[in-house]
Amino acid sequence: MKGRLYNVRMRAARGGRHEAGGEHVSGAERIVSGEALKKTVDSLLERALKHSKGKADFISITLEEIKEEEIVYIPPLPITTVEVENYIEGRKGVIRCLEAIGLTSWQAKSILSMLENTSSIRGAILVDINSLERLEPDLSRGVRATGMDWSQDILPRLNLVLDEEGINNSHVREAVALASKVVRAPGMVAEVCWSDDPDYTAGYVASKKFGYVRFTHLKPAGDARGGRIFCFDTEQASLEECMSWLEKQITVINQVPSINGKFSIKELLRRIGYETNN
Ligand code: WAQ
Ligand code: MG
């Protein structure tokens, strides 16, 4: 990307600002050139004001100039879609994926239930996979991954590739940019996510091992509970290194993702090395 670049961040809440107990409505991260700045701010404002979770009454948009030298370019995770009948099947698939990544069945189930039982926060849960303790400094906020986006130069090609797969929407574009950054954090083993938008039921498990594995349903339609859990191994890296990558490092994706296609849960299990007899 050429010319001046800006890191644009938006967060919106309802019932007051986040710090004062307001309910999180929407958040977004962009990296854009000076020419695209006004249009970007406009669309983020629009999103906060017309969100399916309700109209925000607190909106914060921050713009920060960034220098080319600060950027680390990273490749996107390859994308696999798993077509499931319902969220129960989807969540079983998530547990199988976490096990295939190397977690024990107990760890995988505990991690999923932490995500199921945490009320909506603006950031992600950061869990130590060994102790299953939460490591975020502020539990009511969680950890936010910031400073990531697709390079504007590849957006036309990205749109083509995602269109062909029938998955070109802002949830997918933003989640792949986020997950591609998150799984490269020192000590990060996996991320699990589903949206807090009531009408968006898809979610994913991301890892260096299997890429971005999306499930068509990880929650029932109409449910406004969603979130993210970052699974971190304290034996592999320090918390400081991990947090610094997530919160400070600017990452830009400058390649289009490879698309692995659409699979049933049975086919997925075979691909990740599970024998299925049922
Ligand atoms: N850092 C950490 N956690 C975040 C961030 C961030 N930058 N942004 C959102 N979260 C957390 C926060 O708790 C939100 O409530 C939750 O994630 C959900 O965010 O392949 O749309 O933006 O079809 O609603 C995934 C599936 C969609 C996409 C995820 O998440 C697909 C989505 P949302
Ligand atoms: Mg949302």
query = Label point 7 Å out from Ala224 along Cα-to-Cβ: which residues of segment 115-153 have amide N under 12 Å?
reply = 120
query = Once both axes come from the Cα atoms, what is the angle between helix 155-165 and the longest principal axis of the chain, in degrees from 0 to 90, rounded to 10?
reply = 30
request  = Would you mind getting me the FRET efficiency between Ser105 and Glu241? Use the beta-carbon distance for r and R0 = 51 Å, nearest 0.05.
outcome  = 0.95
query = Averaged per residue, what accessible area in Å² does the chain show with a 1.4 Å probe, protein chains only?
reply = 46
request  = Name the long-range amide H neighbours of Leu126: under 5 Å, sequence gap of 5 or more, or other chain; modelled H, no Pro or chain starts.
outcome  = Leu135, Glu136, Val143, Phe230
inquiry  = For Val25, what residues show an amide H to amide H distance below 5 Å, using hydrogens built from the backbone and excluding near sequence neighbours?
reply    = Ala12, Ala13, Arg14
ask   = Whole-Hz Karplus ³J(HN,Hα) for segment 71-85, in order, using 6.51 cos²θ - 1.76 cosθ + 1.60 and θ = phi - 60°, x for Gly and Pro?
value = 8, 9, 8, 10, x, x, 6, x, 10, 10, 10, 10, 8, 10, 5
query = Relative to the first principal axis of the alpha-carbon coordinates of the chain, what is the inclination of helix 87-101, with its axis defined by its Cα atoms, in degrees from 0 to 90 and to the nearest 10?
reply = 80
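Counting other Cβ atoms within 10 Å of each Cβ, which GluC sites (Glu not before Pro) in segment 186-249 have at most 13 and sit in a DSSP loop? Kindly include the intermediate steps, with their values, before the conclusion.
On the way: sites: Glu191, Glu235, Glu240, Glu241, Glu247; in loops: Glu235.
Answer by residue number: Glu235.
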inquiry  = Below 27 Å, Cα to Cα, which lysines can Lys67 reach? Residues fewer than 8 away in the same chain don't count.
reply    = Lys2, Lys38, Lys39, Lys181, Lys248
key: Helix 105-117 axis, angle to the chain major axis (alpha carbon atoms, nearest 10°)   = 40
request  = When a/c is below 1.5 the answer is rounded, else prolate if a/b is larger than b/c, else oblate, so apply that to segment 83-177 with a ≥ b ≥ c taken from the square roots of the Cα gyration tensor eigenvalues.
outcome  = oblate
note = Using eta = 0.692 mPa s and T = 37 °C, Stokes-Einstein with Kirkwood Rh from Cα pairs puts D for the chain, in µm² s⁻¹, at 172
request  = Show the residues, 5+ positions off or on another chain, whose built amide H is closer than 5 Å to the amide H of Ala56.
outcome  = His51
message = Ignoring solvent entirely, what values of log10 I(q)/I(0) come out of the Debye formula for segment 5-66 at 0.16, 0.19, 0.21 Å⁻¹ when each Cα is a single scatterer?
response = -0.48, -0.64, -0.74
request  = Determine ³J(HN,Hα), in whole Hz, for all residues of segment 168-174 in sequence, where each value follows from phi through the Karplus function 6.51 cos²θ - 1.76 cosθ + 1.60 and θ = phi - 60°; x replaces Gly and Pro.
outcome  = 8, 9, 5, 4, 5, 4, 6
ask   = Taking the simple approach of a point 7 Å from Cα along Cα-to-Cβ for both Leu37 and Asn117, what is their distance in nm?
value = 4.7
task = Starting at the first residue of segment 56-61, write each ³J(HN,Hα) from the Karplus equation 6.51 cos²θ - 1.76 cosθ + 1.60 with θ = phi - 60°, in whole Hz, x for Gly and Pro.
result = 6, 10, 10, 9, 10, 10
key: Label-point gap, in nm, between Asp153 and Ala20 - each point 7 angstrom along Cα→Cβ   = 4.5
message = Within segment 7-100, what whole-number % of the accessible surface is contributed by carbon and sulfur, with the 1.4 Å probe and all protein chains included in the calculation?
response = 49
request  = Alpha carbons only, please: Rg and Dmax for segment 59-102, in angstrom.
outcome  = 18.5, 46
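Tell me the volume per residue, in Å³, of the convex hull enclosing the alpha carbons of segment 1-152. Intermediate values should be presented prior to the final figure.
On the way: hull volume 24.7 nm³, N = 152.
It comes to 162 Å³ per residue, whole-number rounded.
The values are calculated or read from the model by the stated rules, or taken from the named source; none is laboratory data. On a predicted model such as this, the values are computed, not experimentally measured, just so you know. All Cβ positions, glycine included, derive from the backbone under ideal geometry; neighbour counts span all protein chains shown. Remember, those area values only see protein heavy atoms, side chains included, never the ligands or the DNA or RNA. Shrake-Rupley method; radii C 1.70, N 1.55, O 1.52, S 1.80 Å.
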